[in-house]
Amino acid sequence: MLLQHEVTEGVEILSVRGPVSASDAPALAAALVSAIDMQPRGVLVDLVDAGELSAEAVAVLDQAAQQATGWPRPALIVCSSRAELESRAAALDLPVHADRRAGLSHVDDRSAAPRRTVRLPHSLESPARARAMAADAVMELNGDTAPDELALIVSELVTNAVRYADPPVEMEIEVTEDAVLIAVNDGSPGRPAPPEPSESAEGGRGLLLVDLLAKESGVRPQPPGKTVWASLPRDRSAT
């Protein structure tokens, strides 16, 4: 197996040439783990020029698919030649695309989970507006999560976006079976690194606060900017 790596528009691409034997599976697994840990938009495994895949190689791809579940987390995208598309799709239990271009076009695919999206002014008034909009959206979508924690996370993510990033600023609220997800998109590619917080500031508590409150959080490249996101568990006692 020959494995090549490149990055394009926030997507980690692993190109495989030749057959992938059982002895090659650990190297493929290590490359996939390393790529997913970078928190890219997605990880594309290009198998168009690959040979036969061993059962161990297929198991590695299946395991990676469980870690890279798609927006706002990285997505695992697999492409293969048309002659092998049907058999590999059945073996992998995830979509297999005919070529790299087709695969890249699906890297930002979304689930069917209900969501609300709102564009926010690039203004210090936006955090307060975003808190109210987020509360309304969660109520409308039956998100049943802790309102104080939701307000704090929305405040921090939106404050960081309007203070330290370029416009446009956009907030998304998505409700899944288990969680309420808050995502804030901005126009700056750099990962957020605000200065030390001030006790009197509305925001500025930093991503440490988000990490403390959130079930899960991350930063996703979204050229030309990024998406900073966090999720809160749904409060089942409220239903």
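The values are calculated or read from the model by the stated rules, or taken from the named source; none is laboratory data. Worth saying up front: this structure is predicted, and the values here are computed from it rather than measured. We place every Cβ from the backbone using ideal geometry, glycine too, and count neighbours over all the protein chains shown.
Computed quantities for the displayed model
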| read-out | value |
| --- | --- |
| Tally of residues being more than 23 Å from the chain's Cα centre (by Cα) and charged (D, E, K, R) across segment 116-162 | 5 |
| Residue in segment 46-56 that is exposed (fewer than 12 other Cβ atoms within 10 Å of the Cβ), within 20 Å of the chain's Cα centre (by Cα) and modelled with pLDDT under 95 present | no |
| Inter-residue pairs, beta-carbon under 7 Å, first assigned by TED's automatic domain parsing to the domain that holds Arg100 and in segment 24-42, second of a type in the set (Ser, Thr, Tyr), 6+ apart | Ala25/Ser54 |
| Tally of residues being assigned to a loop (DSSP other than H, G, I, E, B), among the hydrophobic types (A, V, I, L, M, F, W, C) and buried (at least 16 other Cβ atoms within 10 Å of the Cβ) across segment 94-145 | 3 |
| Matching residues in segment 54-73 - criterion: being assigned to a loop (DSSP other than H, G, I, E, B) and without any contact (Cβ under 8 Å) to a residue 60 or more places away in the chain | Ser54, Ala68, Gly70 |
| Condition broken by Glu84, with the remaining ones in (1) of a type outside the set (Ser, Thr, Tyr); (2) modelled with pLDDT of 95 or more; (3) surrounded by 16 or more Cβ atoms within 10 Å (Cβ to Cβ) satisfied | (2) |
| Every residue from segment 20-53 that is more than 20 Å from Ala102 (Cα to Cα), touching an Asp or Glu at 6+ places or on another chain (Cβ under 8 Å) and in a strand (DSSP E or B) | Val20 |
| Sole residue being in the same structural domain as Gln66 (by TED's automatic domain parsing) and of a type in the set (Lys, Arg), chosen from Arg131, Arg119, Arg100, Arg110 | Arg100 |
| The listed residue being hydrophobic (A, V, I, L, M, F, W, C), modelled with pLDDT of 85 or more and surrounded by fewer than 20 Cβ atoms within 10 Å (Cβ to Cβ), out of Ala214, Ala193, Ala179 | Ala179 |
| Residues within segment 1-34 that are under 17 Å from Gly70 (Cβ atoms), of a type in the set (A, V, I, L, M, F, W, C) and in contact with a Pro (Cβ under 8 Å, 6 or more places away or on another chain), tallied | 1 |
